[in-house]
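Each value in this text was obtained by applying a stated rule to the coordinates, not by laboratory testing. Only a predicted model underlies this, so the values are computations on that prediction, with no experimental measurement involved. When we count neighbours, we look across all protein chains shown, and the Cβ atoms used for this are built from the backbone with ideal geometry, even at glycine.
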There are 2 protein chains.
Amino acid sequence: MSRKQFRDLADPETARETIASLDLAPEPTEVPLREARGRVLASRIDAELDVPGFDRASVDGYAVRAADTFGADEADPAELELAGAVHAGVEPSVEVAIGECVEVSTGAVVPPGADAVVMVERTDEDAGVVSVRTALAPGDGVMFAGADVAAGERALGPGTVLTPREIGLLSALGVDSVPVRGQPTVGIISTGDELVRPGGDLDSSAGEIYDVNSYTIATAVEAAGGEARLYPHAGDDYEAMESVLREAADDCDLVLSSGSTSASAVDVIYRVIEDTGELLLHGVAVKPGKPMLVGRIADSAYIGLPGYPVSALTIFRTFVAPAVREAAGLPEPETATVSGEMAVRERYSEGRQRYMPAGLVADGDGTTLVYPVDKGSGATTSLVEADGVVSVPPDVEYLDAGERVTVHLFSPDVRPPALFGAGEDDPALSRLLDRVDRPRHLGVGSRQGRRRLRDGVTDIAVVTGDADIDGAVTLGGWRRQWGLVVPAGNPDDVSDLSDLVDRELRFVNRTTDSGLRGTLETALESLAADRDRDVAGLFSDIDGFGLAVRAHESPARKVRSGDADAGLGLRATAEKLGLGFVPCGTEQVQVLADASRTGKDGVEAFRQALDDLPAVAGSLPGYDS
Amino acid sequence: MSRKQFRDLADPETARETIASLDLAPEPTEVPLREARGRVLASRIDAELDVPGFDRASVDGYAVRAADTFGADEADPAELELAGAVHAGVEPSVEVAIGECVEVSTGAVVPPGADAVVMVERTDEDAGVVSVRTALAPGDGVMFAGADVAAGERALGPGTVLTPREIGLLSALGVDSVPVRGQPTVGIISTGDELVRPGGDLDSSAGEIYDVNSYTIATAVEAAGGEARLYPHAGDDYEAMESVLREAADDCDLVLSSGSTSASAVDVIYRVIEDTGELLLHGVAVKPGKPMLVGRIADSAYIGLPGYPVSALTIFRTFVAPAVREAAGLPEPETATVSGEMAVRERYSEGRQRYMPAGLVADGDGTTLVYPVDKGSGATTSLVEADGVVSVPPDVEYLDAGERVTVHLFSPDVRPPALFGAGEDDPALSRLLDRVDRPRHLGVGSRQGRRRLRDGVTDIAVVTGDADIDGAVTLGGWRRQWGLVVPAGNPDDVSDLSDLVDRELRFVNRTTDSGLRGTLETALESLAADRDRDVAGLFSDIDGFGLAVRAHESPARKVRSGDADAGLGLRATAEKLGLGFVPCGTEQVQVLADASRTGKDGVEAFRQALDDLPAVAGSLPGYDS
């Protein structure tokens, strides 16, 4: 077999059909009824017995011959001789002769001779004689054998998903083991020398990263009704990888690989496919996800997923999950979609079908706004910052702000966040957000926080410095002590900002988006004025002034790891990490809210948390509300 | 403590509040990430490391100093000396000096000195010199350390439900074990001497029935996020039951009992509650479900469910499941509701809040019709014949046909059956229905089948005899051979219907709703005419002519069990059960469809199955399409 050439990318429909042509369905199996929740019946179940299996008293009372009560009423009760009693779970030892009755409890076998049961409330008993104050028809108060289900009746059909209700009916039939569709076994192989399983030791200096796809895809396989098997992490070594691929193909209905995009890894996969199977499709015209492979390895189906987590999960959800559900016999879930208005304009230029991860937010009127979540396919945070996907056809060049789009939610129970904010990243804020159900906050710094609030995307902005935004109101805020984070015990004896300028200290700054960066620059401007110097010159005297990191703990962590002598940070961070701290001042953090959204439950919950700030942030050093 | 008296039934809101006041929430626990799907975070997770942990090449190409490429373009490329290579997963052993570049693959550590990566497509390499045909800015082609997630950032908040997306983010953070809300442990005790676990031997003559509630409620507990524990079936014996209740209360956050309504069983429960806890509520003004108990046994919450399966599951779903979800930290699912028109008029008179099980069916225009499913609380088939519940307030006396009602679906993915039929119960029909996705058929006999089709409730009716219904068309049909089912080998040498009249044979008939009963009566009328006799006299000469059973196999099964010498039935049934058969004729079964619904997918699928009848029913003896 010569290697196939796939010069053109397949369109999404062809990819779907190619995957549908793979046979993933395992043999049916048998499971105990107790463990059958969510499983799918493989074949019809007919009743093998009558339910109930006997003529059953459906009230507490007396079993009678209905004919003996004809004409009876309150004024003229029928008088019957009490011949005995039958309780639930006991075989009757008496018969009901003409003129007699037998006491029965609900669920008891109606004794021979009787054809009705009168409820105790319509009777009186005195010295072995029961007065029946109503006339009965045959069958009154009795559930006849087979009246609920009769032996031979069709009870449940093939393809039925077993919920508590079906399990109830099967229990009634005495079935304790049911024939169900097998769950397709899906082998998952992450490739790439740089991957380490979560929990393992990571050597970042060697470029190692944690393996995101294995657990993510395994969990998604299980959510789609498959059984996931993780194979030992395969590096790019030919022999090891080939052996893992062959082992997985032997064991599984479907093998999924993801991870390495290195030429050598792809080459191994091609060769194993060539040796044992067939390559059906290589590359699909979608974004993200272009480098998808579909084929067969030995007797197993094979799909190669892209390496980036967002791409891998998008391709899995769009193309693979439907095939897994089909193989498991599960119906496609009701597709949950939400219609909303684009919050911002978004451009496209690839000429490929695009699956745009999108977040949702409700504005003050309850209108759903949709914003793109695009941090590059390499970002794992996109996984949780999106609520669903907007399908953008290849010929669409842009989506305009205000344009109506349909979002396919990741699951029907996805709801927009109750509170959506952006801005500073702050330890007190982290605790405040714990008080709100379903908050979403993007720690993008004050500048970006202000921009998103102005654009009408977010509900709140958490900022330092300029808090004067049209249409925004202040919900509250706090002061935080900032300064230089230094190694524990302050070994360099740093005493203030001038040491950064005057001494050979390796410094780590924050990015210009961060509020703290602005506060630092303001302080340095004042130092420059004191020294009658140009502030830019002062900046350039600081070794590492341009070495700017994004998040509030990052500079302190560089100090802790010995990569810097001083970092811009908060007292709270220094104390949390067991480092020294040189105070430089306090700065005000303010929470601004879009005035039209202060009525949202999440905004109100956050405002209440702010009122309770001393309790929430009280133990944080350097904080003052 | 004296026994509390609860003379008045609690209203539903009080019941809900009383249950909400019980504390079911277990301690948080820690689970491996791999098994965390669907669990709920107990506390916030902040990032403990940067993702990526190093400055990472995001394209295949060359790491450069951006300043070296300033001004470069296609016409005037920058020429850089190739100083080495760095691959993913390897620590760089080279630096990038001014005028140099280093080959890097996607995911590799950007080597010291470099601040950008140019993609290979914008370069040419020749003899150790790389021409860069574009200008780069610092950061191009690089994902900086912490750009995705920075150490110290808030990653996920408490209360987050873990889906594949959150598991992806946690994988990226290297977390392999997560603090999650505990799943409340719910002990389930079914009481009643007559109950047998599914799979056990049933003695119907002693009034034994299979225990429906244990597995049903256990499955429903699991669906609500709890962990179900089944306790050995407790009879009504005081000591045994007390010991099981105390054991369950010791082990579990909540104990549920259901089953026996016998006074003695309730008495035991009262006494254990009195000895160890508190009775908070007894009886609630709802139907079904009045006899609900709420209280505490020792340190555990206790709820007594009604015994009938439909009542038990309704009360569980309405009152208990929300408390289990709350304890597990799970959000209430989006309530799936459907609005539809009542297909028939339904009366109420109890003056209690009613939870009416309801089925759905789409009419020819796609309008959703709602019909009550009420076969008495003792019927387990109601469990699967309903799609949801209509809440009917206590003061509503009736719902009129055509009145708009809201149905709360059992789950959001419930859909109306694709085909809804009623009428004959037949082995060929059972197989035909297997060819249709989501069919629902009620084996209520020809007469009831005709009535429901005329009422506009069902899509099809499966009938013998009169097939002339206004607005109905015939989809197809088949002939089936009927006669007398007798013991194997026909020991009584029965030869035709006249033996029933002339000899002492114990006969079992079908109910008058069944088509076969009509066919038998027609045959006997003709026999009566031959003999010049009154047909009623002929009927009364047959021993058991009035002993009528509902389903098509039921008479044959009475013959097999020795309770009868001959039963009305089909050749197919006789052969299936290994019995003898005395043919009496063939009868036509016809499938009638509501003419306005022939366009429904399910009706069309059934029509196609009918076209394929020889293949579907071919192996059934006595059938002829």
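Here are a few things to note about the model shown:
- Euclidean distance of C-alpha centroids, the stretch B:145-215 and the stretch A:398-475, integer Å: 33
- Each other residue within a Cβ distance under 15 Å of A:E74 adds +1 if Lys or Arg and -1 if Asp or Glu, for a net charge of -3.
- Shortest-first distances to equivalent copies, position A:D532, nm, label 7 Å out along Cβ: 14.7
- Which of A:W482, B:W478 has the fewest Cβ neighbours within 10 Å, and the rest in rising order: B:W478, A:W482
- Signed unit charges on C-beta, dipole axis of the stretch A:356-444, positive-most listed residue A:S382, A:V392, A:V405: A:S382
- Here is how far apart the A:D493 label points are across copies: 12.7 nm, shortest first, using a point 7 Å from Cα toward Cβ.
- Residues in the stretch B:407-412 carry Karplus couplings, in order, of 9, 8, 5, 5, 7, x Hz; the curve used is 6.51 cos²θ - 1.76 cosθ + 1.60 with θ = phi - 60°, and Gly or Pro positions show x.
- Cβ neighbours within 10 Å from other chains - mean over A:546-554: 5
- Among the trypsin sites (Lys or Arg not before Pro) in the stretch B:290-388, those located in a DSSP loop and surrounded by at most 14 other Cβ atoms within 10 Å of their own Cβ are B:R345.
- Per-residue Cβ neighbour rank within 10 angstrom, fewest leading, B:R452, B:R246, A:R557: B:R246, B:R452, A:R557
- Using the rule -39500 (n - 2.57) for each DSSP H run of four or more residues, divided by the residues of the protein assembly as shown, the 222 nm mean residue ellipticity is -7000 deg cm²/dmol.
- The separation of the stretch A:266-297 from the stretch B:586-625, counted between C-alpha centres, amounts to 45 Å.
- Student exercise, chain A dipole from Lys, Arg, Asp, Glu Cβ charges, in Debye to nearest 20: 2440
- Vicinal HN-Hα couplings computed from phi for the stretch B:131-137 (Karplus, 6.51 cos²θ - 1.76 cosθ + 1.60; Hz; Gly/Pro x): 8, 9, 9, 8, 8, 10, 9
- Calculated FRET efficiency for the pair A:V473/B:A67, C-beta based, R₀ 30 Å, to 0.05: 0.10
- Close amide H contacts of A:T185 (hydrogens built in the peptide plane, cut-off under 5 Å, sequence separation of 5 or more or a different chain): A:E227, A:D253, A:L254.
- For peptides B:97-107, B:540-550, sequence by mean Cβ density within 10 Å, most packed first: B:97-107, B:540-550
- The protein assembly as shown: antiparallel DSSP beta bridges as a percent of all, rounded to 5: 70
- Teacher prompt: B:A615 distances to equivalent labels in other copies, 7 Å Cα→Cβ, nm: 7.0
- Peptide A:194-203, shielding by other chains (average Cβ, 10 Å cutoff): 5
- Shape of the stretch A:332-401, Cα gyration tensor, a/c cut at 1.5: rounded
- Shown for B:L293, B:L313: other C-beta atoms within 10 Å of each C-beta, ranked fewest to most, produce the order B:L293, B:L313.
- Paramagnetic reach from B:A336 in the stretch B:592-608 [backbone N under 15 Å; point 7 Å along Cα→Cβ]: none
- Distance from the stretch A:488-563 to the stretch A:46-111 (C-alpha centre basis), Å: 93
- Degrees, to the nearest 10: A:263-276 long Cα axis against longest axis of chain A: 30
- Computing FRET efficiency as 1/(1 + (r/R0)^6) for B:E91 and A:D563, where r is the C-beta to C-beta distance and R0 is 22 Å, gives about 0.90.
- Neighbour cut-off at most 16 other Cβ (10 Å), DSSP loop, GluC sites (Glu not before Pro), the stretch B:481-579: B:E504
- Average Cα contact separation per residue, chain A, under 8 Å, 6 or more apart, as relative contact order %: 11
- Chain B residue nearest by beta-carbon to the axis mapping B to A, with distance in Å: B:P412, 3.
- Neighbours of B:S498, meaning other residues whose beta-carbon lies under 11 angstrom from its beta-carbon, give a summed charge of -3 when Lys and Arg score +1 and Asp and Glu score -1.
- For the stretch A:31-96, GluC sites (Glu not before Pro) are listed when DSSP marks them as loop and at most 10 other Cβ atoms sit within 10 Å of their Cβ; the list is A:E74.
- Per-residue shielding of B:33-39, expressed as the average number of other chain Cβ atoms within 10 Å of the residue Cβ, stands at 4.
- Compared with the dominant Cα axis of chain B, that is its longest principal axis, helix B:445-454 is turned about 60°.
- Once both labels are positioned 7 Å from their Cα atoms along Cα-to-Cβ, the gap between B:D413 and A:A137 label points is 4.4 nm.
- Integer Hz, Karplus 6.51/-1.76/1.60 couplings in order for the stretch A:87-94, x for Gly and Pro: 9, 4, x, 10, 6, x, 10, 10
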